[in-house]
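> Following this message is one structure expressed as structure tokens.
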Amino acid sequence: MDIEVDLVLDSRAHLGEGPVWDEDAQELVWVNLIKGEVHRFDPATGTDRGLDVGTPVGAAALRSSGGFVLAVENGFATLSETGDLTPLVDLGLGPTHRANDGKCDRFGRFWAGTNAYDFTPGESTLWRLDADGSASAVVTGLTLANGLDWSPDDTTMYLIDTVPGVWAFDFESTAGAAGTLSGARALVTFAEGELPDGMTVDAQGYLWVAMYSGGEVRRYAPDGALAGRIPVPVANPSSCAFGGPDLRDLYITTGHQLDDPTALDPDNHLGSLFRCRPGVAGLPAGRYSG
């Protein structure tokens, strides 16, 4: 896919992740995972402001009542726009595990994965946080629960387990349903050494997968067939989300994961935020109703 990818924020974050578009504010929310920061980027002005949460943040999602719901190191929490953190659920992960990528469905529930810091196989779990504040382990035995999203009609949920790839599930989406998953099936399997990370689904039902250390974002059809590639100017795209007034801007987060970011070459923009116009629109982000 011959698409120009532009640098829009030279943030050089340790690990930029979890982008989500706030339609009301016309801003992109994203996190600096290990550093524990929640950011808002305003594309109209090019400015970015961050909140220091004080704990690793795998994902931030918008909350219907204002502020955010977070997947933090030990579980779930809410965060106000002024930085007040309120714990919701302690998942008892201990020092060897942390929460990772997450997203809200269009029924007001927040979903997030956990993983072992050393990525021990079988130690990763996908959790669901319901509006009443209760949390349930939904998929167990994963290695690195990562990007997730839903088909436009909400009948299919997609989940990346970075090793081996993308899973698809039948998703219970009728009014009042609990969001039960069934019919697990492998949709895309990746070659050894390939690292699918974050993901978003467009309005046509195609999956966009950020390939960490692969230097590209890939587009897959709902049946798992590869439909296109967008080269990214840096090696480590970590996630992506559609935004902009028409939801046709694809924002791409990246990371360098260096202890000393000054070791980056001045012309190396690892950890920065990029944007392109791939010719399709995305879907509005879900908001947590609790």
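The values are calculated or read from the model by the stated rules, or taken from the named source; none is laboratory data. Computed from a predicted structure; not experimentally measured. Neighbour counts are summed over all protein chains in view; Cβ atoms, including those assigned to glycine, are modelled from backbone coordinates with ideal geometry. Protein only, heavy atoms only, side chains kept; ligands, DNA and RNA dropped before computing areas. Shrake-Rupley method; radii C 1.70, N 1.55, O 1.52, S 1.80 Å.
> Arg49 to Ala191: FRET efficiency via 1/(1 + (r/R0)^6), r the Cβ-Cβ distance, R0 41 Å, to the nearest 0.05?
0.55
> Counting only the backbone N, which residues of region 143-175 are under 17 Å from the spot 7 Å out from the Cα of Thr96 toward its beta-carbon?
Answer for this model: 143-145.
> On to the next question. Which of the chymotrypsin sites (Phe, Trp or Tyr not before Pro) across region 192-266 are loop residues per DSSP, with 12 or fewer other Cβ within 10 Å?
none
> With just the Cα atoms of the chain, tell me how far they stretch along each of the three principal axes, in Å, largest first.
The Cα atoms of the chain stretch 47, 43, 38 Å along the principal axes, largest first.
> Dividing the Cα radius of gyration by the Kirkwood radius, what Rg/Rh value follows for region 39-98?
1.03
> Students often get this wrong: which residues of region 182-220 have the backbone nitrogen under 19 Å from the point 7 angstrom along Cα-to-C-beta of Arg106?
So the set is 182, 199-208.
> If you don't mind, another one. Between region 93-119 and region 190-256, how far is it from one alpha carbon centroid to the other, in angstrom?
Cα centroid to Cα centroid, the span is 20 Å.
> Rolling a 1.4 Å sphere over the protein heavy atoms, what is the accessible area per residue of region 132-290, to the nearest Å²?
Averaged over the residues of region 132-290, the accessible area is 39 Å².
> A follow-up question, please. Hey, got a sec? Which trypsin sites (Lys or Arg not before Pro) in region 70-120 land in a DSSP loop and have at most 16 other Cβ atoms within 10 Å?
Within region 70-120, the qualifying trypsin sites (Lys or Arg not before Pro) (loop, at most 16 other Cβ atoms within 10 Å) are Arg106.
> Another question, if that's okay. Filter the chymotrypsin sites (Phe, Trp or Tyr not before Pro) in region 79-151 down to the DSSP loop ones having no more than 16 other Cβ atoms within 10 Å, then list what survives.
Passing sites in region 79-151 are Tyr117, Phe119.
> Just to be sure I understand the model, the point goes 7 Å from the Cα along the line to the Cβ. What's the resulting Ala203 to Asp84 distance in nm?
3.8 nm
> Additional query: Round to a whole number: what % of the accessible area of the chain belongs to carbon and sulfur, probe 1.4 Å?
50 percent
> Quick one: which residues, 5+ away or cross-chain, put their amide H under 5 Å from the amide H of Val8? H built at 1.01 Å from N.
It is Leu273, Phe274, Arg275, by chain and number.
> While we're looking at this one, here's another question. Please tell me the relative contact order of region 116-168 in percent, rounded to the nearest whole number, where contacts are Cα pairs under 8 Å and at least six residues apart.
It rounds to 26 percent for region 116-168.
> Report D for region 32-131 in µm² per second (integer): Stokes-Einstein, Kirkwood Rh on Cα pairs, 20 °C, 1.002 mPa s.
Translational diffusion coefficient: 154 µm²/s.
> Here is a further query. In the chain, which longest range has no GluC sites (Glu not before Pro) that are both DSSP loop (not H, G, I, E or B) and surrounded by at most 10 other Cβ atoms within 10 Å?
5-191
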